[in-house]
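The next block holds one structure in the form of structure tokens; read it before the comments.
Derivation of every value follows stated rules applied to the coordinates shown; laboratory data play no part. Small disclaimer: the values here were computed from a predicted structure and weren't measured. Using ideal geometry, Cβ is built from the backbone for each residue, glycine included, and neighbour counts are taken over all protein chains shown.
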Amino acid sequence: MAVRRYDEMTWEEVRDLDRARTLAILPVGATEAHGPHLPLSTDVLISEAMARAGAERLAERGYEVVILPPLAYSPAAFASGFAGTISISKETATALIVEVARGLAAHGIRRTVIANSHFDPANVQSLYDAVSSCKADGDAELIYPDLTRRPWALRLTDEFKSGACHAGQFEGSVVLAERPDLVREEIRAELAPNPVSLSTAIRDGKQSFEEAGGDRAYFGIPAAATAAEGERTIAELGAILAEAVLAAIEPEAES
């Protein structure tokens, strides 16, 4: 089966999809500060890479997979103090995702998969709320593998698991693999490590990057990022996405 970009298809091509074997993947990211060296679109780039890698695996299993245009605006309160960040409310994000899923379901594409790499607590909650809303009304099904939770988090890099991973080695590596032209290399190579764990800071009640100790909007080790690590990470993200989908829709096969 093929992987196609939804926005490049015609309406008749969408009409003729095999509804029983079609999955839509929605990349969810943010427009927010990612240090002085990575673009505002970093999370979108990572989510799109995850969606593509996962889609390829699912197509190999015989599914028709369409990749939707990415959602580039999400709750991003932690980065709201930095120029360039655009944060929307949790309620708006939830409503938008639910409406997208329902719109697809109205034309027979009932399963939408969320590929998310933006871990602001409000954004993660908005995704769970969207899943619950779709489940309650029964019109559409949302599948969301949360990379911050087991078992998925344990399969990612040491920096990711440490929680010090915003615009650091983990994210920087993926951007180097996907869009090296968008990385400010001279700045990245000179940035000092910032080992502060964002996940710990969040548990301790911090409400912003500044409060958490990220006065330049990065955490981790940006200078250690490599394209090779990024390629490995993309492959693992794709595997996680595909396995989560198959576990949801083919539980017998995955058990």
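Remark: relative contact order (segment 3-254) = 23 percent; criterion is Cα-Cα distance under 8 angstrom and separation of 6 or more residues. Here the Karplus curve 6.51 cos²θ - 1.76 cosθ + 1.60, taken at θ = phi - 60°, turns the phi angles of segment 150-162 into couplings of 5, x, 5, 4, 5, 8, 9, 6, 4, 5, 4, 5, 6 Hz, with x standing for Gly and Pro. Binning all Cα-Cα separations of segment 3-254 at 5 Å, short to long from zero, yields these whole-percent fractions: 1, 7, 14, 18, 19, 17, 11, 7, 4, 1, 0.
Among VAL196, VAL245, VAL174, the ranking by other beta carbons within 10 Å of each residue's beta carbon, starting with the fewest, stands as VAL196, VAL245, VAL174.
As I understand it, the value is the acute angle between the Cα axis of helix 227-249 and the longest principal axis of the Cα atoms of the chain; what does it come to in degrees, rounded to 10? Orientation of helix 227-249: about 40 degrees from the principal axis.
Rank ASP204, ASP129, ASP146 by mean-square fluctuation in a GNM of the chain with C-alpha springs under 10 angstrom and give only the top-ranked residue. Top of the fluctuation ranking is ASP204. Measure nothing but the geometry: give the 0 to 90° angle between the long axis through the Cα atoms of 42-60 and the longest principal axis through the Cα atoms of the chain, rounded to 10°. Its long axis makes an angle of about 40 degrees.
When shorter helices are ignored and each DSSP H run of at least 4 residues is given -39500 (n - 2.57), the per-residue value for the chain at 222 nm works out to -13500 deg cm²/dmol.
When the Gaussian network model of the chain links Cα atoms closer than 10 Å, the mean-square fluctuations of SER173, SER199, SER132 top out at SER132.
Between 0 and 90 degrees, rounded to the nearest ten: what's the tilt of helix 121-137 against the longest Cα principal axis of the chain? Value to nearest ten degrees: 10.
Note on the chain: with a GNM built from Cα contacts shorter than 10 Å, the maximum mean-square fluctuation among ALA164, ALA224, ALA49 falls on ALA224.
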